[in-house]
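Worksheet for the structure shown next.
The values are calculated or read from the model by the stated rules, or taken from the named source; none is laboratory data. Being a predicted model, the structure only gives us computed values, none of them experimental. With ideal geometry, Cβ positions are generated from the backbone for all residues, glycine too; neighbour counts draw on all protein chains shown.
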Amino acid sequence: MIRAFSAVVFGCMLVTAGQGAYAQGGYPNVDRPFVLGPGDTVQLLNRIVVDRAPGQRGARLDVHYSTRIPASDAAARAEQADRIALLVGAEASKLGARKLTVSICETRACAETREPPRSWYAYERGIGGVWSRRP
């Protein structure tokens, strides 16, 4: 139940925060803390909808965030990205997205989309709407 509530709050937060930022034209366009669970909070930075890029079937949702997990702990970062993808997946499905990327920004330039994220995880929506990480 907490997870479902978090997904609803997250979706509303992304939509409202993203709309304001798009009107202002700047990044980061969300820039708010988001609690994934006890002791697990990330800073959501950007929500970007890419509608049918070249060679892409359907829309894609990109989410950038920052984390306190050190870059040296790749397994913990991947697990955290998977948790974010579960929550963001519901929003991405509503948008009709077939793909989702969850990216970690470690610099202000990345948060402002002036440089690419150094770590990212790609997910694809499969049968039954289940999101799975692509290798």
Practice task
Of the numbered conditions (1) part of a loop (DSSP other than H, G, I, E, B); (2) polar (S, T, N, Q); (3) at pLDDT below 95, residue 19 fails exactly one; give the number of that condition.
Solution key: (1)
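Would you be able to tell me the number of residues in segment 60-75 that are within 22 Å of residue 135 (Cβ to Cβ) and surrounded by 14 or more Cβ atoms within 10 Å (Cβ to Cβ)?
Filtering segment 60-75 down to residues within 22 Å of residue 135 (Cβ to Cβ) leaves 60-65, 67, 69, 71-75.
Filter once more, keeping what is surrounded by 14 or more Cβ atoms within 10 Å (Cβ to Cβ): 60-65, 67, 69.
Of the residues in that region, 8 qualify.
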Exercise for the section: Being over 23 Å from residue 39 (Cα atoms) and either in a strand (DSSP E or B) or small (Gly, Ala, Ser) (or both) is the filter; apply it to segment 56-89 and report the residue that is modelled with the lowest pLDDT. Expected result: 58
Fill in the blank from the handout: Of the residues in segment 76-135 that are closer than 16 Å to residue 59 by Cβ and acidic (Asp, Glu), the one that is nearest to the chain's Cα centre (by Cα) is 91
Practice task
Being part of a loop (DSSP other than H, G, I, E, B), at pLDDT 95 or above and not charged (D, E, K, R) is the filter here, so list the residues in segment 28-55 that pass it.
Solution key: 28, 29, 30
Completion exercise
Restricting segment 26-59 to residues that are surrounded by 12 or more Cβ atoms within 10 Å (Cβ to Cβ) and under 17 Å from residue 116 (Cβ atoms), the one farthest from the chain's Cα centre (by Cα) turns out to be 27
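Looking at segment 48-67, which of its residues are free of Cβ contacts under 8 Å to residues at least 12 places away in the same chain and within 23 Å of residue 107 (Cβ to Cβ)? Explain how you work it out, then say what you get.
Step one: list which residues in segment 48-67 are free of Cβ contacts under 8 Å to residues at least 12 places away in the same chain, which gives 51-55.
Selection gives nothing.
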Practice task
State whether the residues of segment 102-123 include one that is among the hydroxyl-bearing types (Ser, Thr, Tyr), assigned to a loop (DSSP other than H, G, I, E, B), in contact (Cβ under 8 Å) with a residue 40 or more places away in the chain and in contact with an Asp or Glu (Cβ under 7 Å, 6 or more places away or on another chain).
Solution key: no
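Kindly provide the set of residues from segment 87-101 that are of a type in the set (A, V, I, L, M, F, W, C), in contact with a Leu (Cβ under 9 Å, 6 or more places away or on another chain) and in contact (Cβ under 8 Å) with a residue 40 or more places away in the chain, ordered by number. Spell out how you get there, then give the answer.
In the first step, residues of segment 87-101 are kept if they are of a type in the set (A, V, I, L, M, F, W, C); the result is 87-88, 90, 92, 95, 97, 100.
The next check asks that each one be in contact with a Leu (Cβ under 9 Å, 6 or more places away or on another chain); those that pass are 87-88, 92, 95, 97, 100.
Result: 87, 88, 95, 97, 100.
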